[in-house]
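Here is the structure we will look at, set down as structure tokens.
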Amino acid sequence: MTTSFASALTAAHEAAASQHYPQGALYVVATPIGNLADISLRALHVLQMVDCIACEDTRHTQGMLRSYGIDRPGSQLLAVHQHNEAEAAQQVISRLQQGQRVAYVSDAGTPGVSDPGARLCAALQVVGLRSIPLPGASSVTSAISVAGAVTPGQGENGFLFAGFLPTKNAERLSAVQKLADEPRCTVLLEAPHRIIDMAQALSLLGDRPVTLAREITKQFEDIATMPASELVSWLQASPQRVKGEFAIVLHPVALQQGEGLDSEAERVLKLLLAELPTKAAVKLATEITGASRNTLYDRALELKRAAEEE
């Protein structure tokens, strides 16, 4: 079934044409990671407006543009991929210095995150040219949004994007062992032909919860959370489960009630106790550090008693 985006192109023009689009600027455009409808109106407008589109794969981008009803001749597409990014950046710089507007797209998602684009933007910064982001689809943030793994005030806040781990088994195992000590939520990416090897390596994490997000936004999207030790058996339970691209979310290491405080939680608690009543200090320390309220309260009482005995 062919989908028409004619009404979307009209809406894109009506919504975005009146905005200011500086000349001599690179427009870094996020494109869908599977579902073509996950394109912004501003992205559609810019892809029609710019003088040139730099892209990871010209044939892939040409097909995407035609799906939207955008017809750009091959002469207006410039290949900027992993293997030529540094050299091709000079061609983009030359166009921008002539006052052209250039868009950059990767094959899917947000450029410069796991795909090419970072070197291109860095080269523009060196010569004082501007890069303008057009946000959109990202497998990283999409997986994070449904994993339930980043909760403000609980454990370590934020997340680490680790991307693709090494392909060699020994190096991959070493990387996973290092991640075992990382308290923050961590996001990995993996290809289908290596996902079993990745799952076997992640089994080192034991009961640590892991969310597998497969084929995000596509017809056979599958998202499941389980202990790391169960990943291999879950994947092998169905041939379908090892197909597609994967975003993998390692949930943060939980602080267990009754465990001792780490040095940062102890430091924060002491600073707050010097200025606030015990209950207020403990409440605020819990919110700041994510440590157990009961553990913080017990430690606060210990500190109070020690101070009184001095």
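The values are calculated or read from the model by the stated rules, or taken from the named source; none is laboratory data. Note that the structure is a prediction, hence the values are computed from the model and not measured. Here the Cβ positions follow ideal geometry from the backbone for every residue, glycine too, while neighbour counts run over all protein chains shown. Remember, those area values only see protein heavy atoms, side chains included, never the ligands or the DNA or RNA. Shrake-Rupley method; radii C 1.70, N 1.55, O 1.52, S 1.80 Å.
Some observations on this one:
- Strands (runs of 3 or more DSSP E) wholly inside segment 32-128 containing at least 2 residues that are in contact with a Cys (Cβ under 7 Å, 6 or more places away or on another chain), over 24 Å from PHE161 (Cβ atoms) and without any contact (Cβ under 8 Å) to a residue 40 or more places away in the chain: 77-79
- Count of residues meeting criterion [modelled with pLDDT of 85 or more and surrounded by 16 or more Cβ atoms within 10 Å (Cβ to Cβ)] in segment 148-159: 2
Table: residues versus (1) open to solvent by less than 90 Å² (accessible area, probe 1.4 Å); (2) aliphatic (A, V, I, L, M); (3) touching a residue at least 40 places away in the same chain (Cβ under 8 Å); (4) more than 25 Å from ALA201 (Cβ to Cβ).
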| position | (1), (2), (3), (4) |
| --- | --- |
| MET226 | yes, yes, no, no |
| PRO239 | no, no, no, no |
| ALA285 | yes, yes, no, yes |
| LEU303 | yes, yes, no, yes |
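- Yes/no for TYR68 being aromatic (Phe, Trp, Tyr), buried (at least 20 other Cβ atoms within 10 Å of the Cβ) and within 25 Å of the chain's Cα centre (by Cα): no
- Taken over segment 75-105, the criterion of being open to solvent by less than 50 Å² (accessible area, probe 1.4 Å), at pLDDT 95 or above and either more than 15 Å from LEU120 (Cα to Cα) or among the acidic types (Asp, Glu) (or both) is satisfied by LEU77, GLY99, GLN100.
- Residues satisfying the stated conditions in segment 34-64, i.e. surrounded by 19 or more Cβ atoms within 10 Å (Cβ to Cβ) and hydrophobic (A, V, I, L, M, F, W, C): ILE39, ALA43, LEU44, VAL46, LEU47, VAL50, CYS52, ILE53, ALA54, CYS55, MET64
- Among the strands (runs of 3 or more DSSP E) confined to segment 139-243, the ones with at least 2 residues that are over 24 Å from PRO32 (Cα atoms) are located at 209-214, 222-227.
- Any chance SER114 is loosely packed, with under 13 Cβ neighbours inside 10 Å and among the hydroxyl-bearing types (Ser, Thr, Tyr): no
- Residue, farthest from PRO183 (Cα to Cα), within segment 267-310, restricted to residues that are of a type outside the set (Gly, Ala, Ser) and in contact with a Gly (Cβ under 7 Å, 6 or more places away or on another chain): THR295
- Residue check for VAL28: among the hydrophobic types (A, V, I, L, M, F, W, C), in contact with a Lys or Arg (Cβ under 9 Å, 6 or more places away or on another chain) and at pLDDT 95 or above: no
- Qualifying residue in segment 14-31 (condition: of a type in the set (A, V, I, L, M, F, W, C), free of Cβ contacts under 8 Å to residues at least 60 places away in the same chain and either in a loop (DSSP other than H, G, I, E, B) or open to solvent by 40 Å² or more (accessible area, probe 1.4 Å) (or both)): yes
- Residue within segment 208-224 that is surrounded by fewer than 17 Cβ atoms within 10 Å (Cβ to Cβ), among the hydrophobic types (A, V, I, L, M, F, W, C), out of contact with any Cys (no Cβ under 7 Å at 6 or more places or on another chain) and touching a residue at least 24 places away in the same chain (Cβ under 8 Å) present: yes
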